[in-house]
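What follows is a short report on a single structure.
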Amino acid sequence: MKRIIKIHKAEWKMEDIQKQINWSQKQTWTKKQWIPKPSLIKKVDGIETRYSGQSYDPRKEELIEDGWPHDHYSICFFTISDTDEIESNSGWTDPKGNWLRSECYDLFITNI
């Protein structure tokens, strides 16, 4: 029988998220509020990518200081962004900028 778990009103099969849970349990997490991140926009086609310190050519790309509008939580993949909803604007982050929803942290990290 497949084990089903509810995360933020959505049902997930444990087998579908187990790899992410295992990975998450090995990380170091810090509680934080999410803030917009810098992004790079290619001048030729407008494609935007998250800026994380990589080198770029300012003649070809424009750095937008608060241009990256959201990220996704690592286990449940829900969106984290600069919103008034506390459940969707904060969580647990690791040094590489991955995020866990507080609900997932409580379910899978604090209860291991």
| said: Against the definition (farther than 30 Å from R3 by Cβ and among the hydrophobic types (A, V, I, L, M, F, W, C)), how does I109 come out, yes or no? | reply: no
| Which strands (runs of 3 or more DSSP E) sit wholly inside the range 65-112 and have at least 1 residues that are in contact (Cβ under 8 Å) with a residue 60 or more places away in the chain? | 90-93
| task | Select from the range 24-36 the residues that are touching a residue at least 40 places away in the same chain (Cβ under 8 Å) and either surrounded by fewer than 16 Cβ atoms within 10 Å (Cβ to Cβ) or assigned to a strand (DSSP E or B) (or both) and list them in ascending order. | result | Q25, Q27, T28, T30, K31, K32, Q33, I35, P36
| request: Go through the residues of the range 55-65 one by one and say whether even a single one is at pLDDT below 95 and either surrounded by 15 or more Cβ atoms within 10 Å (Cβ to Cβ) or among the hydroxyl-bearing types (S, T, Y) (or both). | output: no
| In the range 14-23, is there at least one residue being closer than 20 Å to T110 by Cα and part of a strand (DSSP E or B)? | no
| request: Check I41, I4 and return the single one that is touching an Asp or Glu at 6+ places or on another chain (Cβ under 6 Å) and either free of Cβ contacts under 8 Å to residues at least 12 places away in the same chain or among the acidic types (D, E) (or both). | output: I4
| remark: Given the conditions (1) surrounded by 11 or more Cβ atoms within 10 Å (Cβ to Cβ); (2) more than 15 Å from the chain's Cα centre (by Cα); (3) without any contact (Cβ under 8 Å) to a residue 24 or more places away in the chain; (4) in a strand (DSSP E or B), every one holds for T49 apart from (2)
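The values are calculated or read from the model by the stated rules, or taken from the named source; none is laboratory data. Given the structure is predicted, the values throughout are model-derived calculations rather than measurements. So basically every Cβ, Gly included, is an ideal-geometry build from the backbone, and we count neighbours across all protein chains shown.
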